[in-house]
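Written out below as structure tokens is the structure these notes cover.
The values are calculated or read from the model by the stated rules, or taken from the named source; none is laboratory data. This one's a predicted model, so the numbers in the text were calculated from it and none came from an experiment. Don't worry about glycine lacking a Cβ; one is built from the backbone with ideal geometry, like all the others, and counts go over all protein chains shown. SASA here: full protein model, heavy atoms, side chains in, ligands and nucleic acids out. Shrake-Rupley method; radii C 1.70, N 1.55, O 1.52, S 1.80 Å.
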Amino acid sequence: MPNIGPLELVIVLVIALVVLGPKRLPGLGKQLGDGMRDFKDALTENHDKDDDDEGGDDDAAAGRPALTQSTPTATGDATRTGSAERTGQDA
């Protein structure tokens with residue numbers, strides 16, 4: 001992967017200045033910086049949350065309901081619909 005030198009960086013900035021204009025360029029830089037900061041914070045927050053989860057089941061202590069895995073149950077309607085779809089007939 002080629003390295004970006006100072007000359008290439010200046011060329012990219014001049015092209016951005018010409019395309020976007022001097023009024024929009026600072027706002028775009030601010031938005032880009034804010035987006036990068038939010039992304040970094042989200043990664044750091046997610047990493048911190050993973051570290052907290054290793055300690056045990058803190059969901060009840062935090063007031064959050066515990067997540068449970070539910071299994072789907074077969075009903076007569078689902079069976080009837082499945083057979084109607086296979087045969088092409090209306091139920």
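What FRET efficiency, computed as 1/(1 + (r/R0)^6) with R0 = 35 Å and r the Cβ-Cβ distance, is obtained for L28 and M1, rounded to the nearest 0.05?
Efficiency for this residue pair is about 0.90.
Can you pull the accessible area of L7 for me, 1.4 Å probe, Å² to the nearest 10?
120
How do I4, I11 stack up against each other in accessible area, from largest to smallest, with a 1.4 angstrom probe? List each step's numbers first, then the result.
Numbers: I4 135, I11 90 Å².
Per-residue accessible area, sorted high to low, gives I4, I11.
Give me the extension gain from L17 to N46: residue separation times 0.36 nm, minus the current Cα-Cα distance, reported in nm with one decimal. Write down the numbers at each step before the final one.
Details: separation 29, 0.36 × 29 = 10.44 nm, distance 3.60 nm.
Value of the extension gain: 6.8 nm.
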